[in-house]
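Note sheet for the following structure.
Bear in mind these aren't lab numbers, they're just calculated from the coordinates by the rules spelled out. Source: prediction; values computed, not measured. Note that each Cβ is placed from the backbone with ideal geometry, even for glycine, and that neighbours are counted across all protein chains shown.
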Amino acid sequence: MPVTPKSLLGGALAVTLLAASGYLTVELRQRDRQPVPTGGTAPLLTAPAAAPTAPGAAGTAAAAAGPRYERLPGPDRTVVRDARGGVLATLTDGARTAVLTGPSRTFTEPGTTTAVLTGDSWVRLMPQPWRAGAENEAWFRTWFGRYLGSTDEDVLAVATQYLAGAPEAKDAKGVRFRGDASFGPLNPDGSAGNDLRLEQTDFFDYLGVPYTFADKVTRRPDRTRYGAFDCSGFVRMVYGYRSGYPLLSRDAPGPGLPRTANGLARTGPGVPVLPLTTAPGSDTTVRPASTDPLLPGDLVFFEIDARTGARLDHTGIYLGLDTDGHPRYVSSREEADGPTFGDRGGTARLDDNGLYAKGLRSAKRL
């Protein structure tokens with residue numbers, strides 16, 4: 001696939017947090033299309049239109065009203081509802097990922113797409129996997145009261161902190177942990193039929209520091225790959241380094257996220273929400289019949305490169321429906337030279353006839 005250089009001016013991200021009104025719902029709402037911001041060289045973060053709910057305040061209010069915990073199948077999960085029936089949270093059995101309802105916000109990437117994503121889903125990791133009845137346990141009551149209604153950055157906000165033009169930030173040790181990311185260095189052997197940018201770039205290469213994994217292996221960064229990560233490296237940065245999910249140094253079963261897209265899909269933890277299936281009488285994987293079970297934060301997996309055989313060779317994070325009703329995801333891509341939910345090198349939609357929609361094979365909820 002041809003590589004289009006990343007535009008330094010066109011990849012702006014605008015994130016607007018709006019005040020929540022009426023009762024909250026975990027589904028991404030369909031809203032009037034908003035004008036797409038233009039110009040600028042960096043993402044814009046503005047304060048909420050009104051004071052956000054203080055962390056824990058919504059949880060306290062919900063408890064006072066007596067939230068209802070409803071069990072649903074496919075996958076097995078608990079939906080938390082307020083006194084009026086509005087959805088406060090979706091908690092999936094076996095998954096640490098929780099989708100909480102909070103203030104509405106908007107994501108745009110005008111350098112690569114006219115798509116606008118507006119919704120009130122906030123994706124967070126619970127301290128332990130959910131199980132039926134955990135609403136009666138102290139750990140959950142404490143966690144839920146802390147995060148329901150909180151505007152602390154979540155998985156989706158973190159994922160957009162690496163788009164083109166995103167401002168950088170460093171920790172107390174001077175390590176840059178966020179900001180505009182590349183996919184990887186130029187391939188010195190790149191030519192027609194070959195990748196023009198090198199893969200196998202992990203999150204610690206972006207950071208430029210050694211990292212010791214959950215399997216006790218320490219890896220050291222390649223300085224030529226500083227500020228870059230490939231598709232699975234992006235997922236590991238967002239869910240692992242930034243959000244606290246354990247990480248493994250390689251593809252293997254174990255207490256953490258494997259290294260590659262194929263490992264994440266086939267041996268990694270998580271609850272299948274779009275199971276990997278094969279055509280009848282064949283070992284060829286096929287596209288899921290529907291994307292309806294997806295929730296924001298789910299990992300999506302693709303088979304798009306014929307050179308990799310039956311391996312799943314691409315992964316990203318599902319963001320939800322855009323304001324035109326199209327399911328859209330974010331991933332680190334060679335064509336965009338880094339993370340994007342835009343349409344450079346193929347639309348980042350899961351419901352059209354594009355490369356990624358046709359190559360979709362499965363999804364997991366961590």
As an exercise, use a Förster radius of 41 Å and the Cβ-Cβ distance of Gln128 and Lys358 to find the FRET efficiency, rounded to the nearest 0.05. 0.65
Rounded to whole Å and ordered largest first, report the semi-axes of the equivalent ellipsoid of the stretch 121-256 derived from its Cα gyration tensor (root of 5λ). 32, 18, 14
Quick one: which residues, 5 or more positions from Ser182 or on another chain, have an amide H under 5 Å from its amide H? H modelled 1.01 Å from N in the peptide plane, none for Pro or chain starts. Ala228, Phe229
Could you derive backbone 3J(HN,Hα) for the stretch 229-241 from the dihedral phi with the Karplus parameters 6.51, -1.76 and 1.60 (θ = phi - 60°), listing whole Hz in sequence and x where the residue is Gly or Pro? 7, 7, 5, 6, x, 5, 4, 5, 5, 5, 7, x, 4
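What's the extension gain from Asp171 to Glu135 if we count 0.36 nm per residue and subtract their Cα-Cα distance? Don't jump to the answer; show the numbers that get you there.
On the way: separation 36, 0.36 × 36 = 12.96 nm, distance 3.51 nm.
Value of the extension gain: 9.5 nm.
R0 = 45 Å: FRET efficiency of Asp292 with Thr224, Cβ-based, nearest 0.05?
Numbers: r = 43 Å, r/R0 = 0.95.
So, using R0 = 45 Å, E works out to roughly 0.60.
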Hz values of 3J(HN,Hα) by residue in the stretch 342-353 - Karplus curve (6.51, -1.76, 1.60), Gly and Pro given as x: x, 10, 6, x, x, 5, 8, 10, 10, 10, 10, 9
Cut-off under 5 Å, modelled amide H: who pairs with Leu257 long-range: Leu247, Leu248
Given 5 Å bins starting at zero, what is the percent of C-alpha pairs of the stretch 181-365 in each, up to the one with the largest pair distance? 1, 8, 16, 21, 20, 16, 10, 4, 1, 0
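Calculated FRET efficiency, Thr212 and Arg311, Cβ-Cβ r, R0 30 Å, to nearest 0.05? Write out the running numbers ahead of the final one.
Values: r = 27 Å, r/R0 = 0.91.
Once rounded, the FRET efficiency stands at 0.65.
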Rg and Dmax in Å for the stretch 262-366, alpha carbons only: what are they? 12.9, 39
